[in-house]
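Worksheet for the structure shown next.
The values are calculated or read from the model by the stated rules, or taken from the named source; none is laboratory data. Here the structure is a predicted model, which means the values were calculated and not measured. Quick reminder, even Gly has a Cβ in these numbers, built from the backbone with ideal geometry, and neighbours come from all protein chains shown. Areas reflect the complete protein model, heavy atoms only, side chains present, ligands, DNA and RNA absent. Shrake-Rupley method; radii C 1.70, N 1.55, O 1.52, S 1.80 Å.
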Amino acid sequence: MRIIRISVSLLISLVFLSAVVFLINSFMSMKITHRHIDYIGGIEFSEPPDPKKLKLRKPIVKQMGNSSDITVPIAPLPKKVINTNLPASNNPSIIAYSGLSQQNDVPADLAKTNSYRLPIASSIVRTQPKRQRIKVKVQNDRVALAALKSTSESITLGNVEVSKLSQGISFTGEIPANSPPNGADFDDVFYKNHGTNPFIDTEDDNFSTFAMDVDTASYSVMRRYLRDGVLPPADAIRVEEFVNTFDYNYKPPTEDAFAVHIEGAPSKFGEGKRLQLLRIGIQGRVIPDTDRKDAILTFVVDVSGSMKRENRLGLVKKALFILLNQLRPGDEVGIVVYGSNARVVLPHTGIENREYIFEAISNLRSDGSTNAEAGLQLGYKLALKNSKSDCINRVILCSDGVANVGETGPEAILKEIDDYVKEGVTLTTVGFGMGNYNDVLMEQLANKGNGSYAYVDTLKEAKRVFVENLTGTLQVIAKDAKIQVEFNPETVSRFRLLGYENRSLAHEDFRKDDVDAGEVGSGHSVTALYEIKLHENADGKLATVFIRHEDPDTQKISEVNKTISTNQLKKSFAEASAEYMFTATVAEFAEILRESFWAKDGRIAEVLETIEGVLPEINSETPQEKERKKELLNLVRQVHRLKVKKEG
């Protein structure tokens, strides 16, 4: 019995001791939670594992430029402001403003605006931690996170983030992809501002010389922004690509490669007296689809990790399927893909084995970094290896333009493949996606690769590029095509070319046939607009337009010209053709979007009114072209609404 009593006493003691230990642990846990678990604007901080056991991968430093600050979006201030009790530190480790902070720390401007300017280091570190037992809940997608000081212990904006504070607190968080830094509509989008052509006095220089350009990507990029409910950035707008998106019913040539059409009238949108607008329309020879050469096509497809975004690789596949359905016996397709490295996934295969090509495209998966240099090098090698002298030899690059491994700029990449370009292998670049998109690289690669640049934002655009004008996309009718306009100083006081800023050539290079210029495909048209101011009582010749190019088959150089005089000018804008008025209005629309100095007083409402009035008068040759012009009207209406909202 005595032993039993002792055992019961020991058991009671153990139970009592366990209860005491439990209460102590609970008390300590509550104390820690009180110190470290706070709810800050939708972010819940939880007690982390032991700092000594916390393992972080080596941070990857991402240079963000030399800016010393950054603007990030935040949520409005709540009525009740809570003390965050973040651990004190000699050096600030984290700033988390989403409307909750200590009452006396709330910046004065924070309560008035929806953004707050946070100081950041010039280098922001993105770390990639292993999975940890740290629960961080981001409920407010407008929250802003920024880490300072140490490049080995900090966080950045976007995706997965991690930071280790002075007392060992670490956390991860995610800011949605639609909330990029700097208040931008999309993150990591690269455009280049080429400036705006000025008015030039004919006493100083009466020549204007530039390379032909048939690209249309800028217009499609604008449409993509508007589809997402935002205005496009000014640097994304290239006037000539807006103008060249549409067909103006120019009559094609019967013998030469080009026919030149000139029309002029008083400028509706330009400022000043005696200001006329000249439209120079150049129509290329049309090669029937049945007469197109056989095509040896090499698809170079970006399958890097960034191509997962917005399912852009999925759109690439659909676009290529559309193209494949237009190919015919005699055409061949090879496929090169690149991520961190490049590889051939399909040697050149005749279109009669269409199912194998479809299967190769269907099996494409995205992963890895982006080595565009390696992809293009391998693509050109494969294209040259299988090229035929009597066939179209073209590389088609499908990418978002991002290059972060190897050479990343157009000059360096094209220098590597310059020999292939000289061998006659042309390049078409087709852009996909928005956000993490490099318009600069895609546009310059096409320019220097003797090809064209398109941007595919919808399947409808893919059909325009690869179905409606397949022969024009593939078969070149003119190489190194240049335009030179000689104005008569006796009648023209000054002139300004609308667009083509990045296609300018030295006047003396016009007849230097080794100078790289533009390539024009079958049936393509090029339109150039000039605002000109006439001398008072001007009478006689206004200008002569010269077109010079090389025949891609015979290498023969040809030159044609056409002159316009004052008696050919219409007396009013309303007397001009409907196509002329439409062209002028498209250019004004682009000028306003790109915030041109010469359109600073331009009004979208006037653009809208003019297009509404002229559309019924235009006879579009195809249903697709008619639909495209109607679509422009809707886009102008949307810009008008967005601008009214922005300004109001």
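When the residues of region 409-440 are narrowed to those that are in a helix (DSSP H, G or I) and not charged (D, E, K, R), which ends up surrounded by the fewest Cβ atoms within 10 Å (Cβ to Cβ)?
First, pick out the residues of region 409-440 that are in a helix (DSSP H, G or I): 410-422, 439-440.
With the extra rule that they be not charged (D, E, K, R), the set shrinks to 410, 412-414, 417, 420-421, 440.
On the way: 410: 22, 412: 12, 413: 24, 414: 20, 417: 22, 420: 23, 421: 18, 440: 16.
My answer is 412.
Say whether the condition of being outside any loop (DSSP other than H, G, I, E, B), without any contact (Cβ under 8 Å) to a residue 60 or more places away in the chain and open to solvent by 10 Å² or more (accessible area, probe 1.4 Å) is met by at least one residue in region 470-491.
Scanning region 470-491, I find at least one residue that is outside any loop (DSSP other than H, G, I, E, B), without any contact (Cβ under 8 Å) to a residue 60 or more places away in the chain and open to solvent by 10 Å² or more (accessible area, probe 1.4 Å), so the answer is yes.
Every residue in region 338-372 that is within 20 Å of residue 387 (Cβ to Cβ) and of a type in the set (Val, Ile, Thr), please.
344, 345, 349, 351, 357
Quick one: count up the residues across region 542-559 that are crowded, with 17+ Cβ neighbours inside 10 Å and either at pLDDT 95 or above or over 31 Å from the mean Cα position of the chain (by Cα) (or both).
Initially, region 542-559 is screened for residues crowded, with 17+ Cβ neighbours inside 10 Å, giving 542-543, 545-550, 552.
Keeping just the survivors that are either at pLDDT 95 or above or over 31 Å from the mean Cα position of the chain (by Cα) (or both) gives 542-543, 545-550.
Residues meeting the conditions: 8.
Pick from region 577-592 the residues that are among the hydrophobic types (A, V, I, L, M, F, W, C) and open to solvent by less than 10 Å² (accessible area, probe 1.4 Å): which of them is nearest to residue 614 (Cα to Cα)?
Initially, region 577-592 is screened for residues among the hydrophobic types (A, V, I, L, M, F, W, C), giving 578, 581-582, 584, 586-587, 589-590, 592.
Within this subset, residues satisfying the condition of being open to solvent by less than 10 Å² (accessible area, probe 1.4 Å) are 582, 584, 586-587, 589-590.
Working: 582: 7, 584: 11, 586: 12, 587: 15, 589: 15, 590: 18 Å.
Here the answer is 582.
Within region 461-510, work out how many residues are of a type in the set (Gly, Ala, Ser) and within 25 Å of the chain's Cα centre (by Cα).
Pass one, region 461-510, residues of a type in the set (Gly, Ala, Ser): 462, 472, 478, 481, 493, 499, 504, 506.
With within 25 Å of the chain's Cα centre (by Cα) added as a condition, the list becomes 462, 472, 499, 504.
Residues flagged as of a type in the set (Gly, Ala, Ser) and within 25 Å of the chain's Cα centre (by Cα) within region 461-510 amount to 4.
Would a scan of region 609-619 turn up a residue that is crowded, with 20+ Cβ neighbours inside 10 Å and in contact (Cβ under 8 Å) with a residue 60 or more places away in the chain?
As a first pass, look at region 609-619 and keep what is crowded, with 20+ Cβ neighbours inside 10 Å: 610-611, 614.
Now drop any that are not in contact (Cβ under 8 Å) with a residue 60 or more places away in the chain, which leaves 610.
Checking region 609-619: at least one residue is crowded, with 20+ Cβ neighbours inside 10 Å and in contact (Cβ under 8 Å) with a residue 60 or more places away in the chain.
Filter region 192-251 down to the residues that are acidic (Asp, Glu) and either open to solvent by 10 Å² or more (accessible area, probe 1.4 Å) or not in a loop (DSSP other than H, G, I, E, B) (or both) and list them by number.
So in region 192-251, the residues acidic (Asp, Glu) come out as 201, 203-205, 213, 215, 228, 235, 240-241, 247.
Answer for region 192-251, where residues must be acidic (Asp, Glu) and either open to solvent by 10 Å² or more (accessible area, probe 1.4 Å) or not in a loop (DSSP other than H, G, I, E, B) (or both): 201, 203, 204, 205, 228, 235, 240, 241, 247.
Can you find, within region 361-370, the residue that is farthest from residue 317 (Cα to Cα) among those that are of a type in the set (S, T, N, Q) and open to solvent by 20 Å² or more (accessible area, probe 1.4 Å)?
Going residue by residue through region 361-370, those that are of a type in the set (S, T, N, Q) are 362-363, 366, 369-370.
Add one more test, that the residue is open to solvent by 20 Å² or more (accessible area, probe 1.4 Å), and what stays is 362-363, 366, 369.
Details: 362: 7, 363: 10, 366: 12, 369: 20 Å.
Per the criteria, the residue is 369.
Look at residue 474 and say whether it is in contact with a helix residue (DSSP H, G or I) (Cβ under 8 Å, 6 or more places away or on another chain) and among the hydrophobic types (A, V, I, L, M, F, W, C).
Here the answer is no, as residue 474 does not meet what is asked.
Quick one: residue 463 ticks every box in (1) open to solvent by 50 Å² or more (accessible area, probe 1.4 Å); (2) touching a Gly at 6+ places or on another chain (Cβ under 9 Å); (3) modelled with pLDDT under 95 bar one, so which box is it?
(2)
If you take just the strands (runs of 3 or more DSSP E) that sit entirely in region 275-360, which of them hold at least 3 residues that are of a type outside the set (Gly, Ala, Ser) and loosely packed, with under 15 Cβ neighbours inside 10 Å? Even if it seems obvious, please write down each step before you answer.
Details: elements: 275-284, 295-302, 332-338, 342-350.
Result: empty, no element qualifies.
Against the condition open to solvent by 10 Å² or more (accessible area, probe 1.4 Å), of a type in the set (Val, Ile, Thr), part of a strand (DSSP E or B) and in contact with a strand residue (DSSP E or B) (Cβ under 7 Å, 6 or more places away or on another chain), how does residue 262 come out, does it pass?
On the way: open to solvent by 10 Å² or more (accessible area, probe 1.4 Å): yes; of a type in the set (Val, Ile, Thr): yes; part of a strand (DSSP E or B): yes; in contact with a strand residue (DSSP E or B) (Cβ under 7 Å, 6 or more places away or on another chain): yes.
Yes.
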